[in-house]
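Participant: Supplied in structure tokens, the structure appears directly below.
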Amino acid sequence: MATAEQIKALIKSYIEEDDARFCAVAMQVAAHAARQGHGRLADELRTLVDEAKSSAGTKCRKGPVPIATPRGELSELLAASYPQAKLADMVLTDALLRRVTRILREYRQQHKLHAHGLSPRRKFLLMGPPGSGKTMTASALSGELKLPLFVIQLDGLITKFMGETAAKLRLIFGAMEQTAGIYLFDEFDAIGSERAIPNDVGEMRRILTSFLQLLDQDRSNSLIVATTNHGEVLDRALFRRFDDVIEYQHPTRDLAQTMFKNSLAAFDTTDVDWKCILDAAGGLSYADLVRACEDAAKESILSGTVVVTTGRLLSALEERRSVVHR
Ligand SMILES: Nc1ncnc2c1ncn2[C@@H]1O[C@H](COP(=O)(O)OP(=O)(O)OP(=O)(O)O)[C@@H](O)[C@H]1O
Ligand SMILES: [Mg+2]
């Protein structure tokens, strides 16, 4: 067994993110175990340390990674986070679930693919209406693969750096090589649109061309996710640059039902008239349903009960609908 001093040293090196020291102490623990006759434990510990060392380049710790700490220009371009989201938190059609699961499988077992000259799918375009789960999918990929999520707000980037946007994009693609992560280009239609923008003297085209070149050249170990609400305005030529183009939609009646059940799992919904609620929920997004459930749940809690009634849910849904159609 490890001594008290070794345990303290392990914790300290973890806090200080001193990976080399962490591994050195772990090896000491292994040696100590071997001396005490625990040969099998010693072997297991050494194997774990070896694995940790060999994956250090590709796996990211939960703590700050170099890029996440504000460093020069990159800190202005990327917002880093470490979501804990899981795919199981999402309500998806079977087809969507299969596609997202395939991304995870290929990434997790990429060594098997590489051994046969193949690569995991890494470049995705997610299209669909607001609140349908595009950003949440990027968070779930991040949570499942334990990779940091870096969000690039494209419209903000362009407005702020107009003439320099292509150079900024190069910086971001450089970062992808250095730090494996999920790189989420939100509002991709800001550059991917084929409609000419008034007063835009070809600058948008140039930005798009740079983006596509960088996307083609990218050989990093990161996942690149672009999202848009306006798939219809995107240049068709774009689609083939992505490994997957995934379409999101508002929930079907069945999926809306699942969403309600999940969101209100901690509440008593025995008396809810689901037919009436599902009629009222038609055409609303997943995000609207979540918000309506939260509103109804809060009302219940503040009235001192855990019972959610049809009336409370109905009025919360109507409120969401009025916000959507404003
Ligand atoms: N498929 C889903 N399953 C479960 N919850 C969902 C789903 N889609 C959306 N939600 C809920 O709605 C919230 C907002 O969703 P999200 O940010 O992923 O939407 P989006 O598609 O990225 O929208 P936008 O186009 O406006 O960026 C999520 O945080 C989650 O609570
Ligand atoms: Mg989003």
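The values are calculated or read from the model by the stated rules, or taken from the named source; none is laboratory data. Small disclaimer: the values here were computed from a predicted structure and weren't measured. Positions of Cβ are generated from backbone atoms using ideal geometry, with glycine treated the same way; all protein chains shown enter the neighbour counts.
Participant: How do the pairs read when you match residues in segment 120-131 that are assigned to a loop (DSSP other than H, G, I, E, B) with residues anywhere that are near ligand 1 (Cβ under 8 Å from one of its atoms) and polar (S, T, N, Q), using Cβ under 8 Å and keeping only pairs 6 or more apart or on different chains?
Facilitator: GLY128/ASN229; PRO129/ASN229; PRO129/SER285; PRO130/ASN229; PRO130/SER285; GLY131/SER285
Participant: Moving on to the next point. Can you find, within segment 96-144, the residue that is nearest to TYR248 (Cα to Cα) among those that are among the polar types (S, T, N, Q) and within 13 Å of ligand 2 (Cβ to nearest atom)?
Facilitator: Looking at residues that are among the polar types (S, T, N, Q) and within 13 Å of ligand 2 (Cβ to nearest atom), I get SER132.
Participant: Follow-up question, since we're still on this one. Does segment 158-176 contain any residue that is within 16 Å of ALA85 (Cβ to Cβ), surrounded by 22 or more Cβ atoms within 10 Å (Cβ to Cβ) and in the same structural domain as ILE224 (by TED's automatic domain parsing)?
Facilitator: no
Participant: Outside any loop (DSSP other than H, G, I, E, B), in the same structural domain as SER220 (by TED's automatic domain parsing), at pLDDT below 95 and closer than 27 Å to GLN178 by Cβ: does that describe GLU106?
Facilitator: Spelling it out, it is not the case that GLU106 is outside any loop (DSSP other than H, G, I, E, B), in the same structural domain as SER220 (by TED's automatic domain parsing), at pLDDT below 95 and closer than 27 Å to GLN178 by Cβ.
Participant: Sticking with this one: Within segment 145-173, can you find the residues that are more than 14 Å from PHE211 (Cβ to Cβ), assigned to a helix (DSSP H, G or I) and either at pLDDT 90 or above or within 16 Å of ligand 2 (Cβ to nearest atom) (or both)?
Facilitator: LEU145, GLY156 - these are the residues of segment 145-173 that are more than 14 Å from PHE211 (Cβ to Cβ), assigned to a helix (DSSP H, G or I) and either at pLDDT 90 or above or within 16 Å of ligand 2 (Cβ to nearest atom) (or both).
Participant: In segment 260-283, which residues are closer than 17 Å to ARG321 by Cα and in contact (Cβ under 8 Å) with a residue 24 or more places away in the chain?
Facilitator: PHE260, CYS276, ILE277, LEU278, ALA280, ALA281, GLY282, GLY283
Participant: Here's another thing I want to ask about it. Considering LEU302, LEU238, which residue is within 30 Å of GLY192 (Cα to Cα) and either surrounded by fewer than 20 Cβ atoms within 10 Å (Cβ to Cβ) or modelled with pLDDT under 95 (or both)?
Facilitator: Just a single option satisfies the conditions, and that option is LEU238.
Participant: Please work out which residue is farthest from GLU76 (Cα to Cα), limiting yourself to segment 130-148 and to residues that are touching a Phe, Trp or Tyr at 6+ places or on another chain (Cβ under 7 Å) and within 14 Å of ligand 1 (Cβ to nearest atom).
Facilitator: SER132
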